[in-house]
Amino acid sequence: MRVIKRILMATFLIACSAVSNAAESIAVEWAPFIINEGISDQQLIAAADQVNSLFLAKQAGFIKRELIKKSATEYADIIHWQTKADAVSAGEKVFNCAECNEYFKLMNMEASAKAGSGFSHYEILKKWH
């Protein structure tokens, strides 16, 4: 579990971007990953739905999430938070979340540690607001 936690935490890039004409900034979490062989988009979306409704939507500062796809195996979650502290707080709870762990089982953790590098184009598979 420590290896999975370390790999996932290493792949989560939290970047703060200023909102136009706003005094505060929103934290954007970029979590690219590679799915395991044989996992369909439908399986991934079903597991992502569970994470969204049973975990993310209950976290302080959660704004919205998108699941995006680059290729047959390369995906990313983009999650918007009110603050970076909200994102970090949720990240600390994720490994105690059964639905999150089921979602992570669909991912190739070793390959995911190197996912998302370089310039890429993705298509949106699903949005949650």
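Where a number appears in this text, it was derived from the coordinates with a stated rule and is not lab data. Here the structure is a predicted model, which means the values were calculated and not measured. When we count neighbours, we look across all protein chains shown, and the Cβ atoms used for this are built from the backbone with ideal geometry, even at glycine.
The table below lists the values:
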{"read-out": "Positive-end residue, the stretch 66-107 charge dipole about Cα centroid, Cβ charges, pick of Phe95, Ile79, Met107", "value": "Met107"}
{"read-out": "For the stretch 79-129, the Rg and Dmax computed from alpha carbons only, in angstrom", "value": "13.4, 33"}
{"read-out": "Ranking of Phe33, Phe95, Phe119 by count of other Cβ atoms within 10 Å, fewest first", "value": "Phe119, Phe95, Phe33"}
{"read-out": "Zone of Thr83's modelled label, taken as backbone nitrogen in the stretch 43-64 under 11 Å from a point 7 Å along Cα→Cβ", "value": "61"}
{"read-out": "Computed log₁₀ I(q)/I(0) - Debye formula, equal Cα scatterers, no solvent, the stretch 36-129, q 0.13, 0.15, 0.23 Å⁻¹", "value": "-0.44, -0.60, -1.39"}
{"read-out": "Extended-chain gain in nm, criterion 0.36 nm per residue less alpha-carbon gap, Glu92 and Lys64", "value": "8.2 nm"}
{"read-out": "The stretch 102-112 - phi-based ³J(HN,Hα) in whole Hz, Karplus 6.51/-1.76/1.60, Gly and Pro as x", "value": "5, 4, 5, 5, 7, 9, 8, 5, 5, 5, 5"}
{"read-out": "Phi-based couplings in Hz for the stretch 33-41 (Karplus 6.51, -1.76, 1.60; Gly and Pro marked x)", "value": "7, 10, 8, 5, 4, x, 8, 8, 4"}
{"read-out": "HN-Hα J in Hz across the stretch 82-93 - Karplus 6.51, -1.76, 1.60, θ = phi - 60°, x for Gly and Pro", "value": "4, 9, 5, 4, 4, 4, 5, 4, 5, x, 6, 9"}
{"read-out": "Phe119 paired with Gln43, simple spin-label distance in nm, labels 7 Å along Cα-to-beta-carbon", "value": "3.4 nm"}
